[in-house]
Amino acid sequence: MTDLTILPEAAEDAVAIERLHERTFGPGRYARTAYRIREEVAHSLELSFTARIGTLLVGSVRLSPIRIGQTAALLLGPLTVEPPFRERGIGQALMERALAEAGLRGHRLVLLVGDEPYYGKVGFKKIPKGQVTMSGPVDPARLLVAELAAGAFQGVSGAIQPAF
């Protein structure tokens, strides 16, 4: 996809991204446990990216600071792509860029709630049941982690909390 541009999210992208979230996730998104965590801490602009085709914003990914027990980590999401542009690798390109930037900035772990067959393509793996907890309803089989440094998840356990 030669006309796809991935850029760091800018403050002026906020309204367009919120509209994208409204269209793709609907009002029920606020009830999700991961959204509740995100409501308590701002995402990191320097680790969040937009995808554009020409000037049209077609996708977005955000990373927010969290803690797993006492360990610093990032929460990936929301990741969203406009429905007509899905299945073109845009979501994967956004994640690859965000994970690469997080690694360059010294972050070691990224967690998300999602489907392993999709997110596994960029290195996410299921967290053993009970090792990490998230307040609120969440399917433990959908808690995934990516190590940005080898062995970074070894010995990490506890509750997921926003990092301030």
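The values are calculated or read from the model by the stated rules, or taken from the named source; none is laboratory data. Keep in mind the model is a prediction, meaning the values are calculated, not measured. Here Cβ is always computed from backbone atoms with ideal geometry, including for glycine, and neighbour counts include all displayed protein chains.
A few notes on this one:
- For segment 41-62, filtered to residues that are among the small types (Gly, Ala, Ser) and surrounded by 24 or more Cβ atoms within 10 Å (Cβ to Cβ), the residue that is farthest from ALA100 (Cα to Cα) is GLY59.
- Answer residue from segment 142-164, given it is of a type in the set (Gly, Ala, Ser) and touching a helix residue (DSSP H, G or I) at 6+ places or on another chain (Cβ under 8 Å) and is surrounded by the most Cβ atoms within 10 Å (Cβ to Cβ) among those: ALA146
- Checking the stated criteria, VAL110 turns out not to satisfy the condition of being within 13 Å of LEU75 (Cβ to Cβ), in contact (Cβ under 8 Å) with a residue 40 or more places away in the chain and in contact with a Ser or Thr (Cβ under 7 Å, 6 or more places away or on another chain).
- Residues in segment 63-76 that are at positive phi and buried (at least 21 other Cβ atoms within 10 Å of the Cβ): none.
- Selection status of THR55, out of contact with any Leu (no Cβ under 6 Å at 6 or more places or on another chain), of a type in the set (Val, Ile, Thr), closer than 20 Å to ASP3 by Cβ and without any contact (Cβ under 8 Å) to a residue 40 or more places away in the chain: yes
- Segment 1-38: number of residues that are at pLDDT 75 or above and part of a helix (DSSP H, G or I): 15
- Within segment 106-141, considering residues that are surrounded by fewer than 18 Cβ atoms within 10 Å (Cβ to Cβ) and basic (Lys, Arg), the one nearest to THR80 (Cα to Cα): LYS121
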